[in-house]
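The block underneath contains the structure these notes are about, expressed in structure tokens.
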Amino acid sequence: MPGYVVTTSSSAICPHGASVSIVSANTRVKAAGSPVAVLNDTYTVSGCPFQVPVGAGTKPQPCVKVQWIAPAVRVRVGGQPVILQSSSGLCLSVEQIPQGPPTVVMVQPRVKGT
């Protein structure tokens, strides 16, 4: 599915509204002045407020990272598939429990991929 290319300047959130920061090892390929995000980059979630009920109380179960499942099919940077605004992924807790899909809120408006 086509979509705009995600860069380190793009904004993404977890299903609970916490922000996702993107740290890329890619230093060569840029879109709109920022490095393009690829599958093996680090996607860290910070400030997720999610909690699950446990007995009479709750247990914090925040999203801590994003794992992308369906990146770009045709576009690669350094041999790695690029992440698109339309890519599918899962936010995971510390215990690797899926919490839901991330939402890419803002991307650069120039480069598209499939």
Condition set surrounded by 19 or more Cβ atoms within 10 Å (Cβ to Cβ) and not polar (S, T, N, Q), scope segment 93-114, selection farthest from VAL52 (Cα to Cα): answer is GLY113
Top-ranked residue of segment 65-92 - restricted to ones that are within 14 Å of the chain's Cα centre (by Cα) and of a type in the set (Gly, Ala, Ser), ranked as surrounded by the most Cβ atoms within 10 Å (Cβ to Cβ)
ALA72
Quick check on my filter: what residues within segment 75-91 are touching a Pro at 6+ places or on another chain (Cβ under 6 Å) and outside any loop (DSSP other than H, G, I, E, B)?
PRO81, GLY89, LEU90, CYS91
Could you tell me whether any residue of segment 35-55 is over 21 Å from VAL5 (Cα atoms), at pLDDT below 95, loosely packed, with under 13 Cβ neighbours inside 10 Å and touching a strand residue (DSSP E or B) at 6+ places or on another chain (Cβ under 9 Å)?
yes
Can you find even one residue in segment 23-42 that is more than 14 Å from GLY113 (Cβ to Cβ) and touching an Asp or Glu at 6+ places or on another chain (Cβ under 6 Å)?
yes
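The values are calculated or read from the model by the stated rules, or taken from the named source; none is laboratory data. Keep in mind it's a predicted model, so treat the numbers as computed, not measured. As a convention, Cβ positions derive from the backbone with ideal geometry for all residues, glycine included, and neighbour counts pool all protein chains shown.
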